[in-house]
Every structure is written in C-alpha cells, then in structure tokens.
Amino acid sequence: MLDMFFKPSSVAVIGASENPKKLGNQIMVNIIDGYKGEIYPINPTSKEILGHKCYPSILDVPGEVEQAIIVVPAAASVVVMEQCGQKGVKGVIVITAGFREAGEEGKKLEDQLLEIAKKYGMRVVGPNCLGLIDMWTPVNSSFANNSTPAGPIAFTSQSGALGAAVLDYALTAKIDFSHFVSLGNKADVDEVSLFEAWADNPNTKVIMAYIEGLRNGPAFIKAARETAAKKPIIAVKSGRTASGSKAVSSHTGSLAGSDAAYDAAFAQSGVLRASSVQELFDYGIAFAYQPLIQGNRICIVTNAGGPGVMATDALEPNGLVLANLDQSTVDALAPVLPAAANIHNPVDVLGDADAKRYGIALDIVLKDPNIDGIIVILTPQSSTEVKETAEIVIERSKSANKPIVACFIGGEVTSQGVEALTTAHVPTYPFPERAIAALGAMYRYYSWLNEPQSKVESFAVDKAAVADLFAKIRADGRNTIGDSEAQAILKAYGITTPRSSVAATTEEAVKYCEEIGYPVVMKIASPDILHKSDVGGLKVGIKNADEVREWFKTIIDRAKAAMPNATIWGVQIQEMVQGAREIIIGMNNDPQFGPLIMFGLGGIYVEVLKDVTFRVAPMTRLQAQQMIQSIRSYKLLTGVRGQAAADIDAATEVVLKVSQLVTDFPEIAELDINPLLVREQGKGAVAVDMRLILK
C-alpha cells in the first residue's frame, strides 16, 4: 500500500533545475543520493541535469513513471497534473505551495488537482509539503537533508518546517527513521492513509505524528484503532488553545477541532498523546528500542538519594508504582552492596559506586518477577565511572526481557556515557521525570492492548417517535426543544423521567400537583426558553396548593418580562426527585469527530470546577465506564464519609443511550441532560431536565 511513494520503480522531478539554489535541484540531488531506480528530470529548457537526460514534458519520457514530484508554480500545476494522469503516474508529490492555505483561489486550484487525481486513479501527497523519504528503499523524494540510518520509527508531520527540524534533531539524538512524510495540506494522502500503509510494514515498529487538524475524525479513529492494535502510535496535536487553533487554520487551512475531542478520540483509538515534540521523542525511543513493558511495577537503581526520590514521586502521576522487591532479591543484594546501601526499592548503590557495583545490582533486580521496568539513575561523583557504567547498562539492555531506561544527570562529565547510551539506542533522559513518563506511556499502551474487547451496544428504542417529533419541530419553523417536549425523546430511548404534566392554567397546575404528590417542581414550559433559571422560571419544593397558585403566576410573569416574544405553553409540573447525586450529560457536534459526549458532576462541580470528561459517540460500555471514572471527583460517586455509593451502572446506561440517540440522529446539534439525578446503587437514575437543539 502506497508503494508508489515508498518503493517507486521510477521517479520524475517536474521542475528539475540546474540551479543549486532552486528546490528542483535540491530534490534531484536528494533522489540521486542512494536511489537505484530510474530518474527523469523534467524541464523544457534543459537537455541534462546532474548527469541525467532531461525531458521537456513527462509525456516525453520513453519509459513508465511511477512517481512524480511537482515543483512548478501553483498556477502551472493543474496542466502538469493532467499530464501525469495521461502518462499513467501512480503517485504524485506536490511540493509547491500556494493552494488551500493561501486562500479561496488556491483552494480552487487544489480542488482541481484532486479532481484530476481521482479521474486517473493517482494518489497525491501535499500540496504545500516538504516531500517524503523512505530510509529503507532508500528514496529521498523531498528537499530535506537526510543522512539518518534506516531504523524503526515512522514519522509524519503536517508541518514541513517542523519535519525538517525533526530530521536534523534525529541526527544528533541518534534516532533512526523508517519513513518520513510531510503531509502539507493533505488533499489526498493523510494520517489515515499512512496508518493503513504502516500497520503491517515490517520496517516500522513505532509511528509518530505531528497533527494540526484532521479531515475525517471517524475515519482517523477507525484507522488508528486498527493500527494501534499492531504497533504504538504517538501523536502531538497543536492548536490546543483558541489562539493556537486560529493559527492552525491560517497555516494549513485545517479546521481544528476542540482539544477535548482530540483527547477523547485518542483515548478511544489507543493513540498516546504527547504534550510536546520533546515528549513525542521521549516516548518514541522507549517504544522503538526496548521491549514493551508488561506491568506498572518499576525498580529504581541509583547512586543518589535525591534523584531516586524524584523518580519515585513521578511514578504515581504516570500510573506506575514502586515495585515491592521479592525477598530473594533483597537477600541477594544485602551481601554484595555496602552496608549503608539501600537494598529495598529504590536500590541505592551509593555515591561511590563504580560500574561493577551497578552491574551487580542490575543482574540481581533483572531476575525479580515483581519488576516490570527499570530506570538506572547516575549522577557524576568523584568515583563514578560514567562511560563504564553506561556500557554495563547497554550490555544488560541487550538481553533484558523488560525495558531499561537510563537517566544520567549532568552535563560535561556525563556526556560520554550519554553518547554511548544514545549510540547503542538505550533510551536516555536528562532527568528522572522524563524517563518515568516514557515508562508510563508504555504502560498505558500495554493496558490499552489488554483491555477486554467489546462492541457498541444497541438498545431497543422507538426511533420513529423521535423522528416524528423532530419533523413536527421543523414544521413549526424552529430547532429548539425544551424540557416538556424532550421528555418524550428520553422515554423513547428508555431513559427514566419523573412524572410530569404541563398546566395551562392555575387550576390545572393544582390538579396535576395533587395527582403527582407534593413536593413538586414547577418550571416554565416554553420552546423558546431553554435556561429556565436564568429567567426566574424555576421553583423547587412546592409543598401545597397555595404555593402552586402563587408560583404559577410568578413563573409566567417572570418569563414574559424576561422574554416578551417567547411562546409560553404554561408551567410544567414535575415530580421532585430527592436523595440523589446531580450529574450532567451533554453532547455537541465537533467539526472533526461528530457527536462528542460530555459527562460530569452537576451543580457547582460543572459550573465552577468544570470537572467533565468527553468521549466520541458511538462508544462501548467500557469506554463509557472509563469516561465516568476519569472525572476528578469520581470518588464522590463511589461513596465517601458515610455516603452510599451512587448507581454508577445506571448512569453508564444513560450515557450509552444518549450515545445511541445522537448517533441515530446526526441532525442533533446540542443536547443537555442537566441534571440527571442518580440514586443510590441499584435504584436507578432519573433525567429531570433536558434541552436539545437541532442543526
């Protein structure tokens, strides 16, 4: 898959040049350096470029051309693309800028390129990109300098400039790539295409990606999930803030989705999110060069107490724990380490430790069945054998069946050890926190791989009733649905609601209250007023008929005063549900991923603390459970200080039914159940208020 890019039998450079300052020359130089296939420079004014016969047009090339690289101005690219199609080219890399990222006229040109490509069945990388490199073929179809050895990491970047910087950094850090792809505007080939191509590629062990925006969120989730089941994907997503998202749009023309949506999509598809490019590589080298961790129990071997404590502190936030050493390990360490050494975890070999002492300690802890991963910390002290200790770590790493990462803290004194470790591809970090974070990423991936496999459930619902209601709403010329109407939607999807009736008069209100039973809740019934408390249209705890009469008039008067043009149906009388926790479940449509479900504690928790989490619909039961468990205040639902545990299973059911509802009806733009009152465990949940907006 995509072999026309990574293993082409022939390459044409359209816009090749004899001028060393032009991209057409630099690309030719890069291709000639190592590529064994046929090379065809295309330029109507040259006879020969860099020792290769030049042709006026790709149509003049006598043989087949599998890959074409376009470096001509954007205005000329459409004619050139048509010629590529006529020639039977399979893959085109459009280096040229001036397309969608440049405005409306550029977008029209890009659309034309894509239309021609589809007509002839060609695949396109770019436009507005750096190009691509396959280190194993090898072929460098880019204008990036590259001399990194072939290795196990595939890297894709939407930003060409960042990609060039990463390639340069990789040389210093001794990081070896299998593939490098600059995607640019992603008119055709995107992350989904690359994941599918790299999933079964034997030369690629880890996939890393720099993402600014996605064209098709659901397709990304599907491809990422299938690929992550075979090898880890690590991504850094820019545009996390409002200003960052605006910059993304102007840079590549991408429509950046909300950061919460990307967090949710990555969590559901097994993608590990890095917070920076530094973290991207911190994680990447651990996955690329060490065996996958099989648990979260970490052993720390150090010659300094302080850094050992720092590493210990970093464990819990990364989902890791300090391993309890097997008694046989403690018994083996005691006679071979100095009396002052700590033979428990962290294993402190003391500041005067030489390389041999490190080796003895490592040999013992590597045999411990209670240890899943090891971090070796070294600080330079007067008797420290830095390079020799590095060589010990390298040697043990070669045969270890569990990951070993190193943390040589320092600068000039530790540089030889760091250089040796880096050259030998033992993951090395300047500080303990970064090393522990990398092990934590490995454990998160291991945990995701070992999650029980589950499918999206389908509940028996009344879709026709909801469809009929939506049609009626549209016929009325509106797109908002208030609580009194929304109750029917909830019931159609098997979500419990309180007993409720809409009263048009005071006497009807008294009648309904007595039928339902005091105390009751009274709230304005209007298709135009979705936030009732904002207009004084809500009263909780009505206890008798006199209060009903008083509050019926008050609620109506307040609503009319606040929104004089609103349609008022009357007052909704509702059963008052007591002794329950307030939950909020919401949904809004994300530009990239579609229905994005929100879960959080209601009341002050959502208003002040904004303690909410998100997942993309549809979701499995396990994903819904993980969503609920990931709010910071989750323990409040499990029962604290003598409180009974809330019915979390019932809340999970509501989340799943809402997920099905918004999947069944993509025309829903927004939805809020606030609050969902969750009773004690085993007693269910009741949706007491809902608002819904159609697109």
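Taken together, the values in this text are just the output of simple stated rules run on the coordinates, not laboratory data. Fair warning: this is a prediction, and the values are worked out from it, not measured in the lab. No Cβ is skipped: glycine too gets one built from the backbone with ideal geometry, and neighbour counts run over all protein chains shown.
Per-structure values
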read-out	value
Acute angle (nearest 10 degrees) that the helix 160-173 long axis makes with the longest principal axis of the chain, alpha-carbon atoms	60 degrees
FRET E, pair Asp354, Thr172, Förster distance 30 Å, beta-carbon r, rounded to 0.05	0.55
Alpha-carbon radius of gyration plus Dmax, which is the widest Cα pair, for the range 15-100 in Å	12.2, 36
Potential lengthening between Lys472 and Asp33 on full extension [0.36 nm per residue; Cα-Cα distance subtracted]	151.3 nm
Nitroxide proxy distance, nm - points 7 Å out along Cα→Cβ at Asp60 and Gln381	7.4 nm
At R0 = 30 Å, FRET efficiency that the Cβ-Cβ distance of Ala229 and Ser276 yields, to 0.05	0.70
Dipole of the range 158-248, positive direction: furthest Cα of Gly184, Leu171, Ala219, with charges on the beta-carbon	Ala219
Violating pairs (Cα-Cα greater than 31 angstrom) within the set Lys455/Lys683; Lys174/Lys610; Lys553/Lys683; Lys53/Lys90; Lys472/Lys635; Lys119/Lys463	Lys174/Lys610; Lys553/Lys683; Lys472/Lys635; Lys119/Lys463
Stretchable slack from Asp326 to Ser46, in nm (0.36 nm times residue separation minus alpha-carbon distance)	93.4 nm
Net charge dipole size for the range 291-449 [Lys, Arg +1 and Asp, Glu -1 on Cβ; Debye, nearest 20]	380 debye
Nearest 10 degrees, 0 to 90: helix 545-562 Cα axis against the chain principal axis	50 degrees
Cβ-defined net charge surrounding Leu530, 13 Å radius [Lys, Arg +1; Asp, Glu -1]	-3
Gain on full stretching of the segment that runs from Glu105 to Met1 - 0.36 nm per residue minus C-alpha separation	34.2 nm
Size-normalised alpha-carbon gyration radius of the range 132-188, reference 2.2 N^0.38 Å	1.03
Estimated dipole of the chain in Debye, rounded to 20 [Cβ of Lys and Arg +1, of Asp and Glu -1, Cα centre]	740 debye
C-alpha long axis of helix 506-516 to longest principal axis of the chain, angle in °	70 degrees
The range 5-118 - share of DSSP beta bridges that are antiparallel (%, nearest 5)	10 percent
Environment charge of Thr312, counting only residues whose C-beta is closer than 12 Å and scoring Lys/Arg +1, Asp/Glu -1	-4
Where N is the number of residues in the range 581-694, Cα Rg divided by 2.2 N^0.38 Å	1.01
For the range 291-449, share of DSSP beta bridges that run antiparallel, in % to the nearest 5	5 percent
Rounded to whole Å, sorted largest first: equivalent-ellipsoid semi-axes of the chain, Cα gyration tensor	54, 41, 18
Whole-number percent relative contact order across the chain, with pairs defined as alpha carbons under 8 Å at least 6 apart	8 percent
Local electrostatic count, Pro675, Cβ distance below 10 Å [Lys/Arg +1, Asp/Glu -1]	-2
Fraction of antiparallel bridges per DSSP, the chain only, in percent to nearest 5	50 percent
Residues of type aspartates and glutamates that Lys543 reaches as a straight line, Cα spacing below 14 Å, ignoring anything fewer than 8 places off in the same chain	Glu514, Glu515, Glu575
The range 3-286, relative contact order in percent, only Cα pairs under 8 angstrom and at least six apart counted	13 percent
Convex hull projection area averaged over all views, the range 1-158, Cα basis, nm²	8.9 nm²
As computed over the range 430-501, the Cα convex hull volume per residue (Å³)	207 Å³
Measure of compaction for the range 463-575 (Cα Rg per 2.2 N^0.38 Å)	1.07
Size of charge dipole - the range 3-286 - debye, nearest 20, with Cβ of Lys, Arg +1 and Asp, Glu -1, no other charges	180 debye
Sorted by Cβ density within 10 Å, fewest first, the residues Ile495, Ile628, Ile300	Ile628, Ile495, Ile300
Among the listed pairs Lys118/Lys237; Lys7/Lys118; Lys22/Lys186, those beyond 31 Å (Cα-Cα)	none
Spatially proximal aspartates and glutamates relative to Lys231 (Cα-Cα < 12 Å; intrachain offsets below 8 disregarded)	Glu196, Asp200
Ordering of 393-401, 519-527, 548-556 by burial proxy (mean other Cβ atoms within 10 Å per residue, highest first)	519-527, 548-556, 393-401
Computed over the range 463-575: relative contact order in percent, which uses C-alpha pairs under 8 Å that are six or more apart	33 percent
Rough spin-label spacing in nm, given labels placed 7 Å along Cα→Cβ, for Lys491 and Glu395	7.8 nm
Alpha-carbon Rg/Rh ratio, for the range 303-399, with Rh computed the Kirkwood way	0.93
Pairwise Cα inverse-distance average, inverted: Kirkwood Rh of the range 3-286 (Å)	19.0 Å
Efficiency of FRET between Ala75 and Arg215 - r from beta-carbon atoms, R0 22 angstrom, step 0.05	0.35
Burial ranking of peptide ranges 455-462, 203-210 (average Cβ count within 10 Å, highest at the top)	203-210, 455-462
